[in-house]
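Asker: My structure is below; once you've seen it, I'll send some questions.
The values are calculated or read from the model by the stated rules, or taken from the named source; none is laboratory data. Just so it is clear, the model here is predicted, and its values are computed rather than measured. Positions of Cβ are generated from backbone atoms using ideal geometry, with glycine treated the same way; all protein chains shown enter the neighbour counts. Heavy atoms of the whole protein, side chains included, go into the accessibility calculation; ligands, DNA and RNA do not. Shrake-Rupley method; radii C 1.70, N 1.55, O 1.52, S 1.80 Å.
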Amino acid sequence: MERILISDICEKQLNQEINVKGWIRKIRKLGSLIFIDLIDRYDILQVVINKDFKDFDKILHLPKETVVSFVGILTRRKDVNKDLKTGEYELILKDYEIYNIPKKESPLIIADETDANEDIRLKFRYLDLRRPNMQKMLKLRSDLLYQFTTYLINNQFVNIETPNITKITPEGANGFLIPFRKKPGTFYTLDQSPQIYKQLLMLSGMQKYFQIAKCFRDEDMRLDRQPEFTQLDMEMSFVNQNDIIKLTEKMIQEVLKNLFNKNSESFEQITYTDAINDYGSDKPDLRIKNKIIDVSKYFETSNVKVLKVENNNTLQACFFANVFASSSDIDELTKLAKDKGALGLIWLEIKDNVLQLNNVIAKKIEIELLNKLIKDNKFSNGMILMINASFDVAKKAMGNVRFQALRLFKMVNPNDWKFIWVTEFPLYEYGEEAKRYVAAHHPFTSPSLDSLDTFDKDLKNAKADAYDLVLNGYEIGGGSIRIHDEKIQKRLFISLGMNEEEIQNKFGFLLEAFNYGVPPHGGIALGIDRLLMILLNTNSIRDVIAFPKNSIGMDLMLEAPNALKDKDLEKYNLKILINKNDTPFSKISKYLICNTLLKKPFIDEKKFQPITSYLKYFKVKDSNNKNTCYLDVIKSDYTFSYSFYDVDVNKNKNL
């Protein structure tokens, strides 16, 4: 008999014999009946087994997640379950087949709300993906990509795949190297983005290109980052910035209307300078208009040291109406401000237009200065946060505080979507590590029309013909008009410190292509993972990726990356120069293995001192109490893994 998906069950099959297949999610016995919740993908059907069924007792004792085929008569339930799509039907079992009985109990509860932490979920991702909410998210991801693809093809775009392994070029982020076995000492890299390829496609005359592209960057991990991610990549010829913005905006509005039946208002636009001045960020969350303001002038005569503006510092403030923070909230925001370079955070409360003298700073500030600040800015009930620092530090630190405060005090509705374009970006930014100006986006971004004559002489003030799309405080897309003139491209390369030999070695192929006629062109890339994270209101892009890496970039399920033996490395003409015998690796490994085999407690408190329990890092010393390394532990009743680091976790945020 042909199988019917539970999602396809409908009225016309009522009182007919049907075949459904899936996993047993729940079994319960009520009197002389067995009730089973059978699930396939993300739909559930109740199966009823009468006491006179031939294998009544056998089925009753089947474990959860047993894979079965059920044949029976579809009938209408007396007690309709309105929470289920199939809640008015049930299957009276006539025959069955067991495909597979689990040998182990699942290490996590397979339901929308699970009991497992993220490490366990990622280690057993194939079980985590059985959870209905995870299946729905992956289905929505598929629908989103289909909608984007359909829209672009209907608008004469051509879907073209570009290589994932490519030439190593400086594009801003670290890449992943691939040794080329047939030519020792040479390497490919995994493509950070299809940037150069899509520009060459414009030169080839394709005019409108797109692809759902995999991109690879060896960056520090965050909740909205992964070492491999997916973007909707687009490039167009004979267009300007406004053309690209209009097309992208219309596409997103139509796709979200189709998927969520929700209309999006026209996207606001703001310049980079205004975004930094008003919100302290080039990706501002504008669902609430809490602007950052300069309040330096109000405290010029103050005797309070933390308010004195000296050495070209500035005092930046943000007011939050009808919000009153706890001491733990203030501690969290103060720590964030310090992490972003500020010395601290000044905190004041106003109730009924009256300053509350409930902290040390408030009691010291001259009341007449505060009253003028409150009156001029029409502050009433709420909280004022201030930071005293240099302009850049104060603005950006307050921008981060503002972003976190909006979420901490639940001032924004996660189901509201506020799209905004940020334009007129700087062409360069000062790189603290390089101690010079580097490309703010990538070295193929065109200078703005106003900067064409001077961009390589006045790097600080040069503007780019670039634009970012921001949603609820996250950058979900970025693009630019590209350079299509060989002379301008060479000028930009030289301004980045490249000499003629470097230019030819790294980008000679591109400059050669420019000799054959290049149309004006530009494009944009949208981050699919980050967009879905926001639309579905999840805490991390790991939730919307089928098989993500963890917070330090490891695949816990496959236990990757893994070390290779010397004979395997020789195939790629590689050799590991680090001598593990110089560290306590071998002794610790032996200790861990012995304790695991003997089933002794995994963590010996006398040898392992936790540094940060949240990150599961432990500091470990050898028997001589001299050498120190750091251990990342992932432990459950089912598995364990560990990784070592020769650096101080507290000093290295990459961990």
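Asker: Please sort through the DSSP H helices of the chain and keep those with an alpha-carbon extent of at least 24 Å along the long axis and a Kyte-Doolittle average not below -1.0.
Answerer: 132-154, 241-260, 391-408
Asker: To continue, here is another question. Counting Lys +1, Arg +1, Asp -1, Glu -1, what net charge surrounds Phe419 among other residues with beta carbon under 9 Å of its beta carbon?
Answerer: Charge balance in the 9 Å sphere: -2.
Asker: Based on the mean of other Cβ atoms within 10 Å per residue, sort peptides 528-541, 81-94 so the most packed one is first.
Answerer: The packing order, highest mean first, is 528-541, 81-94.
Asker: Over the residues of the range 36-174, compute the C-alpha Rg and express it relative to 2.2 N^0.38 Å.
Answerer: Relative to the rule-of-thumb radius for its length, the range 36-174 sits at 1.53.
Asker: While we're looking at this one, here's another question. Over the range 423-526, give the accessible area per residue in Å² for a 1.4 Å probe, as an integer.
Answerer: 46 Å²
Asker: If you wrap a convex hull around the alpha carbons of the range 302-441, what volume per residue comes out, as a whole number of Å³?
Answerer: 154 Å³
Asker: Report, largest value first, the span of the C-alpha coordinates of the range 235-343 along each principal axis, in whole Å.
Answerer: Principal-axis extents of the Cα atoms in the range 235-343, largest first: 58, 35, 24 Å.
Asker: Another question, if that's okay. For the chain, what does the helix formula give at 222 nm: sum of -39500 (n - 2.57) over DSSP H segments with n ≥ 4, over the residue count, nearest 500 deg cm²/dmol?
Answerer: -8000 deg cm²/dmol
Asker: Within the range 211-230, name every residue whose backbone N is under 16 Å away from a label modeled 7 Å from Cα of Ile165 along the Cβ vector.
Answerer: Zone members listed by number: 216.
Asker: Leaving out ligands and nucleic acids, and using a 1.4 Å probe, what accessible area per residue does the range 183-342 come to in Å²?
Answerer: Result: 48 Å² of accessible area for each residue.
Asker: Another question, then. Could you tell me which of rounded, prolate or oblate describes the range 113-179, using a ≥ b ≥ c as the square roots of the eigenvalues of the alpha-carbon gyration tensor, with rounded for a/c under 1.5 and, failing that, prolate when a/b is larger than b/c and oblate otherwise?
Answerer: Verdict is oblate for the range 113-179.
Asker: Still on this model: My understanding is that a pair violates if its Cα-Cα distance is over 28 Å; which of Lys103/Lys123; Lys308/Lys351; Lys283/Lys364; Lys214/Lys246 do that in this structure?
Answerer: Pairs exceeding 28 Å: Lys283/Lys364.
Asker: Right, something else. Along Cα→Cβ, 7 Å out, is where each label goes; now give me the distance between the ones at Phe324 and Lys51 in nm to one decimal.
Answerer: Going by the 7 Å Cα→Cβ label model, 6.3 nm.
Asker: Karplus couplings for the range 82-92 from phi (6.51 cos²θ - 1.76 cosθ + 1.60, θ = phi - 60°), rounded to Hz, Gly and Pro as x?
Answerer: Residue by residue, the range 82-92 yields 6, 7, 10, 4, 9, x, 9, 10, 8, 10, 8 Hz.
Asker: Going 7 Å from the Cα of Asn358 toward and past its Cβ, which residues in the range 325-345 have a backbone nitrogen under 15 Å from where you end up?
Answerer: Only 325-331 fall inside the zone, counting backbone N under 15 Å.
Asker: Please provide three numbers in whole Å: the alpha-carbon extents of the range 159-219 along the principal axes, with the largest listed first.
Answerer: 38, 27, 18
Asker: Could you work out how far apart the two model spin labels at Lys183 and Asn19 are, taking each label as a point 7 Å from the Cα in the direction of the beta carbon, and quote it in nm?
Answerer: 5.5 nm
Asker: Work out Dmax and Rg for the range 417-551 from the C-alpha atoms and quote the Rg first, both in angstrom.
Answerer: For the range 417-551, the Cα-based Rg and Dmax read 17.6, 49 Å.
Asker: For Ala560 and Glu300, compute 0.36 nm times the residue count separating them, minus their Cα-Cα distance, and round to one decimal in nm.
Answerer: So the extension gain works out to 87.9 nm.
Asker: Follow-up question, since we're still on this one. For the range 1-90, report the translational diffusion coefficient in µm²/s to the nearest whole number, using Stokes-Einstein at 37 °C, 0.692 mPa s, and a Kirkwood Rh over Cα pairs.
Answerer: 246 µm²/s
Asker: Further question on the same structure: If you count only protein heavy atoms with a 1.4 Å probe, what accessible area per residue comes out for the range 30-131, rounded to a whole Å²?
Answerer: 54 Å²
Asker: If you don't mind, there's one more thing I want to ask. Could you work out what % of the accessible surface of the range 116-167 is carbon and sulfur, using a 1.4 angstrom probe and leaving DNA, RNA and ligands out of the count?
Answerer: 50 percent
Asker: In addition: Compute the distribution of all C-alpha to C-alpha distances in the range 249-310, in bins of 10 Å from 0, and list the percent of pairs in each, rounded to whole numbers.
Answerer: Once binned at 10 Å, the Cα pair distances of the range 249-310 give 18, 27, 28, 13, 9, 6.
Asker: Calculate what fraction, in whole %, of the accessible area of the range 428-536 sits on carbon and sulfur atoms when a 1.4 Å probe is rolled over the protein chains.
Answerer: Accessible surface attributable to carbon and sulfur in the range 428-536 totals 48 percent.
Asker: How big is Rg to Rh over the range 187-292, alpha-carbon atoms, Rh as the Kirkwood inverse-mean-distance radius?
Answerer: 1.01
Asker: I want to make sure I understand the PRE zone here: with the label point 7 angstrom from the Cα of Gln156 toward its beta carbon, which residues in the range 490-528 have backbone N atoms less than 18 Å away?
Answerer: The answer is 519-523.
Asker: Full extension from Arg407 to Ile552: what is 0.36 nm times the residue separation minus their Cα-Cα distance, to one decimal in nm?
Answerer: Full extension from Arg407 to Ile552 adds 49.7 nm.
Asker: Given contacts defined as C-alpha pairs under 8 Å and at least six residues apart, what's the relative contact order of the range 180-263, whole-number percent?
Answerer: 23 percent
Asker: Something else: In the range 286-338, carbon and sulfur make up what percent of the accessible area (probe 1.4 Å)?
Answerer: Whole-percent figure for carbon plus sulfur exposure: 46.
Asker: For the chain, just the Cα set please: Rg and Dmax, both in angstrom.
Answerer: Radius of gyration, then largest Cα-Cα span, for the chain: 29.8, 92 Å.
Asker: To continue, here is another question. With a point put 7 Å past each Cα toward its Cβ, work out how far Leu343 is from Arg76 in nm, to one decimal.
Answerer: With each label point 7 Å from Cα toward Cβ, the separation is 7.7 nm.
Asker: I've got another one for you. How big, on average over all directions, is the shadow cast by the Cα convex hull of the range 358-476, in nm²?
Answerer: The number I arrive at for the range 358-476 is 11.6 nm².
Asker: A follow-up question, please. Would you list the P(r) distribution for the range 120-260, with all Cα-Cα distances sorted into 5 Å bins from 0 and each bin expressed as a whole %?
Answerer: Values per bin, smallest distances first: 2, 8, 13, 16, 17, 16, 14, 8, 4, 2, 0.
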